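Asker: First, the structure itself, so that you have it in front of you.
The values are calculated or read from the model by the stated rules, or taken from the named source; none is laboratory data. Values in this document were obtained by computation on a predicted structure and should not be read as measured data. Quick reminder, even Gly has a Cβ in these numbers, built from the backbone with ideal geometry, and neighbours come from all protein chains shown.
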Amino acid sequence: MTTTETGPTRLGEATIAEFAAGLRGTAVRPGDEDYDRERSIWNGAHDRHPAVISRCAGVADVIRTVDLARSEGLPLAVRSGGHSIPGFSTVDDGIVACRRSVGDTRADTGVGPFSRSW
């Protein structure tokens, strides 16, 4: 497995606004009323603070979220149930693609040798 180290990156307000405008779901950011609820996972040992949480409403939102992470060089965590013991369903200073409300959706990220379909 290849790991890429990234430093804290702040997404610009215009970038987030453009991203959010193209979602059917919603984008949750630090400072939003439901940010703390949305960023938390069942395993309290992982208290991470993503730059944005994308509450995906369908495949197009998942693709848009992956594209944003890729174009901005940010780490991406994909959350379905949030039950990852080692904390893989959240990330600091990156993007969380929350699929809780998507159901059975298949999206191929097409990214390198670790491409995933979910």
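Asker: Could you list, in sequence order, all residues of region 14-40 that are among the basic types (Lys, Arg) and either under 15 Å from residue 80 (Cβ atoms) or not in a helix (DSSP H, G or I) (or both)?
Answerer: 24, 29
Asker: Scan region 41-53 and tell me whether some residue there is over 14 Å from residue 98 (Cα atoms), at pLDDT 75 or above and not in a loop (DSSP other than H, G, I, E, B).
Answerer: no
Asker: Could you list, in sequence order, the residues of region 78-107 that are touching a helix residue (DSSP H, G or I) at 6+ places or on another chain (Cβ under 9 Å) and at pLDDT below 90?
Answerer: Selection gives 78, 90, 98, 99, 102, 105, 106, 107.
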